[in-house]
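The values are calculated or read from the model by the stated rules, or taken from the named source; none is laboratory data. Bear in mind the structure is a predicted one, so any value in this text is a computation, not a measurement. FYI the Cβ positions are ideal-geometry reconstructions off the backbone, even for glycines, and counts take in every protein chain you see.
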Amino acid sequence: MGKSCYFDNAATSFPKAPGVAEAMTNYLTQVGSNVGRGDYQSAYAAAERVLEVREKLCRRFGAPDPRNVIFTPGSTYGLNAVLKGVLRPGDKVAASPMEHNAVLRPLTQLEQAGVEIVWLPCSHTGELLLDQAAELLTPDLKLCVLTHASNVCGTRMPIEAVGRLCRERGILFCVDAAQSAGFVPLDMGPMEIDALAMPAHKGLLGPQGLGVLLLTDAMAEAMEPLVSGGTGSRSDLLEMPPFLPDRLEPGTLNLPGIYGLGAALDWWEGQDQAALRHREERLTGHLIARLAEYEEDGLRVLGTRDEKKQVGVVSVDFLEKDNAECAYRLERDFGIQTRCGLHCAPLAHKTLGTYPQGTVRFSVGPFTRFEDIDYVQGAVAEILCG
Ligand SMILES: Cc1ncc(COP(=O)(O)O)c(C=O)c1O
């Protein structure tokens, strides 16, 4: 196989943090027991590690208690659990057009069942129009759901400001942190977030098939369980146990995944996180600047084009070419792996003016090198002008 240059960290990060694969193998080969279902040493050891990982997540993201850290199969599940757990026919919910289908599709199902959606407007760079949004966030809303950063163009949302408005007006606030958890600091307390959904496999550098949903008590109380089943606790009850995390966490946990995520969090804890964040910002700025050099040659760079206002996700539209063909050539001729299309966010493209053609998306991670971006520049130049 020839050169391979991975620019699809927004879909899933690669490589994973050092130690993740080893921790998963260790669980599968050395531990193996279920949690809450066995009275023997290896089951206690697994339970202890699961609690440690909950505690790490609780500290890192400012959840009120480790019990309020719910393991899910992914952020899609966590977002569905919140939306379908809280909203009932006649309720009103606010969302932005920059949301991923993990939010748009459950909202559409809920709308068909009689929930009203209030759309918070965004500019053509994907930024929330805060003054207009503030007028629309009225106290009769039950919930506001917002992505922290767009998975199409990387634009960040003003989470703190929206959180404050929601708290003042008694609206529950759910944040989709799929594209921000990892690099971007997140603290549920000061940001007034009631539900924070994230996957293990993107910026946290953990494995696929696992997500985390962190909840305030108010949000947890407002939620009906999306799925019910065995928890290993209060087996006498035919309803879900009344306490967290069990009430919202049915079935056997993804234990290899939790061990892997634990190792990823250990790795993050050993890093200078401010330095990593700064480097990601500089990489993003470098990528934007290199791509923006070709605007007169028919390349449109989307979003704010300001690395301070976005995460490391940069989308381009090859105005006079077919984006799918360009992404194909990037991989075939240069080994550059990107993602092309609508990225599961059709309304974001309508907002950004790239519907239906979509974009080619480049996304960086902590292991991206500056020279990889220079290599991308050369490849894009070749495709545009070669
Ligand atoms: C903004 C956003 N939300 C939600 C998701 C869904 O994440 P997952 O597929 O891990 O459930 C993604 C995945 O790309 C995303 O980018």
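Here is a yes/no grid of residues against (1) buried (at least 17 other Cβ atoms within 10 Å of the Cβ); (2) in a strand (DSSP E or B); (3) away from the ligand (no atom under 16 Å from the Cβ); (4) basic (K, R):
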| position | (1), (2), (3), (4) |
| --- | --- |
| R54 | yes, no, yes, yes |
| A63 | yes, no, yes, no |
| F71 | yes, yes, no, no |
| T76 | yes, no, no, no |
| K84 | yes, no, no, yes |
| A102 | yes, no, no, no |
| G114 | no, no, yes, no |
| V118 | no, yes, yes, no |
| H124 | no, no, yes, no |
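Per-residue answers, yes or no, for (1) in the same structural domain as R339 (by TED's automatic domain parsing); (2) closer than 20 Å to L130 by Cβ; (3) away from the ligand (no atom under 16 Å from the Cβ):
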| site | (1), (2), (3) |
| --- | --- |
| R156 | no, yes, no |
| A161 | no, yes, yes |
| S180 | no, yes, no |
| G189 | no, no, yes |
| L204 | no, no, no |
| V212 | no, no, no |
| S233 | no, no, yes |
| P242 | no, no, yes |
| E249 | no, no, yes |
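Does segment 342-368 hold any residues that are under 16 Å from H100 (Cβ atoms) and within 19 Å of the chain's Cα centre (by Cα), and which are they?
Answer for segment 342-368, where residues must be under 16 Å from H100 (Cβ atoms) and within 19 Å of the chain's Cα centre (by Cα): L342, H343, C344, A345, P346, L347, A348, H349, R361, S363.
Quick one: which of R290, R332, R300, R339 is surrounded by 14 or more Cβ atoms within 10 Å (Cβ to Cβ) and out of contact with any strand residue (DSSP E or B) (no Cβ under 9 Å at 6 or more places or on another chain)?
Just a single option satisfies the conditions, and that option is R290.
So, of the residues in segment 32-48 that are crowded, with 18+ Cβ neighbours inside 10 Å and touching a helix residue (DSSP H, G or I) at 6+ places or on another chain (Cβ under 7 Å), which turns out to be nearest to W267 (Cα to Cα)?
The extreme case among them is A46.
Does at least one position in segment 132-144 carry a residue that is under 30 Å from T338 (Cα atoms) and not in a loop (DSSP other than H, G, I, E, B)?
No; the residues of segment 132-144 include none that is under 30 Å from T338 (Cα atoms) and not in a loop (DSSP other than H, G, I, E, B).
This table checks each residue for (1) modelled with pLDDT of 95 or more; (2) surrounded by fewer than 23 Cβ atoms within 10 Å (Cβ to Cβ); (3) part of a loop (DSSP other than H, G, I, E, B).
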| site | (1), (2), (3) |
| --- | --- |
| L146 | yes, no, no |
| V152 | yes, no, yes |
| E160 | yes, yes, no |
| L165 | yes, yes, no |
| F173 | yes, no, no |
| D187 | yes, yes, yes |
| E192 | yes, yes, yes |
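In segment 86-100, how many are of a type outside the set (D, E, K, R) and within 16 Å of the ligand (Cβ to nearest atom)?
5
Can G36 be described as under 22 Å from E249 (Cα atoms), part of a loop (DSSP other than H, G, I, E, B) and away from the ligand (no atom under 16 Å from the Cβ)?
When the stated conditions are applied, G36 passes them.
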